[in-house]
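The block underneath contains the structure these notes are about, expressed in structure tokens.
The values are calculated or read from the model by the stated rules, or taken from the named source; none is laboratory data. In this text the structure is predicted, and so the values were computed from the model without any measurement. Note that we place each Cβ from the backbone using ideal geometry, even for glycine, and neighbour counts take in every protein chain shown. These area figures cover heavy atoms from the full protein model, side chains too; ligands, DNA and RNA do not enter into them. Shrake-Rupley method; radii C 1.70, N 1.55, O 1.52, S 1.80 Å.
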Amino acid sequence: MKGRTVTLTAPAGSAAARRRPSAARRAWRTVSPYAYLTPFFTLFAAFGLFPLLYTAFVSLYRVELQTPGDMEWRGLGNYAALFTDEFFWISLRNTFTIGVISTVPQLVMALGLAHLLNYRLRGRTFFRTAMLLPYATSVAAATLVFAQLFGRDFGLVNYVLGVVGIGPVDWQTNTVASQIAVSTIVIWRWTGYNALIYLAGMQSIPSELYEAAEMDGASRWRQFFHVTLPGLRPTIVFTAVVSTIGATQLFGEPLLFEGSVSGGISHQYQTLGLYMYEQGWGFFHLGRAAAIAWVMFLLILVLVGVNALVMRRRSRKEAGR
């Protein structure tokens, strides 16, 4: 009698059962993304959302730095006092003028430098690294050096002006001159940073567009205006928004330029950031300083919203052509 071989076949559903994840694993797959994001949201709530809401709460009270526990309800009184203060409007005007003087040349120069670095030059890596050196420099060190350069009696800038026959300029007391000096510091620190951002945007533009433009006989200038600039539009919007936010919050450069929280003897270059610091830590009015912080926050939202609205309408017009 020959032996018979018996083959045991596992039920078809058992393999599928082994491949099917357990209920705990399915639950973990559902919850794990939120668990990974929990540290970020915890830190954001503690150091971002809570200070923002608490500042709004404090802005409705009269709070002094010497007695922070004594809070007197004022409602919108801090905001009303703010809008009737002459120095608030001076600091708002200074913030706008310094922002324009520093932002527009900064972005234009950054765009030109990025366009040059986009070509195959010798030592491109060195020049790209050198672009970040001003950004990596401490704002205190940079401002103190520029304060010496713009000195009235022994500054290098006035010496150069004297060589070409221009009299000395008082860069710290003259309104226009002091704002140009502060803006120069901002331009020096941030031009290289924005140039590298533009350079990254240029390198993402397909080379086929340049080849097609060159075959059509377009010069490099025409390629720049008709290929590079349209391709860089999202990047330009990003740098414009970030520069606008930075200009609204400008603090370190005007503070250290002369070492005064009032922004000069006649508040000629006092920004909103300096005005807020003066109210909170100079006059000890924490409630009013909180109100200034919220006005700056709302101002940034308005500026960013206007910028986005303008760019959206422009994009719609070009898409409709």
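Couple of notes before you dig in:
- Residue within the stretch 43-64 that is among the polar types (S, T, N, Q), out of contact with any His (no Cβ under 6 Å at 6 or more places or on another chain) and open to solvent by 50 Å² or more (accessible area, probe 1.4 Å) present: no
Here is a yes/no grid of residues against (1) in contact with a helix residue (DSSP H, G or I) (Cβ under 9 Å, 6 or more places away or on another chain); (2) open to solvent by 80 Å² or more (accessible area, probe 1.4 Å):
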site	(1), (2)
Leu92	yes, no
Ile98	yes, no
Thr103	yes, no
Met109	yes, yes
Gly112	yes, no
Leu116	yes, yes
Gly123	no, no
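- Checking each residue in the stretch 160-172 for being in a loop (DSSP other than H, G, I, E, B), open to solvent by 90 Å² or more (accessible area, probe 1.4 Å) and among the β-branched types (Val, Ile, Thr) picks out only Val164.
- Breaking point among (1) among the aliphatic types (A, V, I, L, M); (2) open to solvent by 60 Å² or more (accessible area, probe 1.4 Å); (3) farther than 30 Å from Glu72 by Cα, for Leu301: (3)
- A Cβ distance below 6 Å, combined with a sequence gap of six or more or placement on separate chains, defines the contacts here; from the stretch 206-232, residues that are under 19 Å from Leu113 (Cα atoms) reach residues that are open to solvent by 60 Å² or more (accessible area, probe 1.4 Å) in the pairs Val227/Leu209.
- For the stretch 76-109, the set of residues classified as of a type in the set (A, V, I, L, M, F, W, C) and in contact with a Phe, Trp or Tyr (Cβ under 6 Å, 6 or more places away or on another chain) consists of Leu82 only.
- Qualifying positions in the stretch 259-299 - assigned to a loop (DSSP other than H, G, I, E, B) and in contact (Cβ under 8 Å) with a residue 40 or more places away in the chain: Gly263, Gly264, Ile265, Ser266, His267, Gln268, Tyr269, Gln270, Thr271, Phe284
- Pair list, Cβ under 9 Å, 6 or more apart: the stretch 139-159 residue over 14 Å from Thr173 (Cα atoms) and open to solvent by less than 80 Å² (accessible area, probe 1.4 Å), other residue of a type in the set (Lys, Arg) and not in a helix (DSSP H, G or I): Asn158/Arg152
- Filtered by the rule that a residue be basic (Lys, Arg) and more than 17 Å from Ala308 (Cα to Cα), the stretch 212-240 gives Arg220, Arg222.
- The condition of being under 30 Å from Trp221 (Cα atoms) and either modelled with pLDDT of 90 or more or of a type in the set (Lys, Arg) (or both) holds for Val104.
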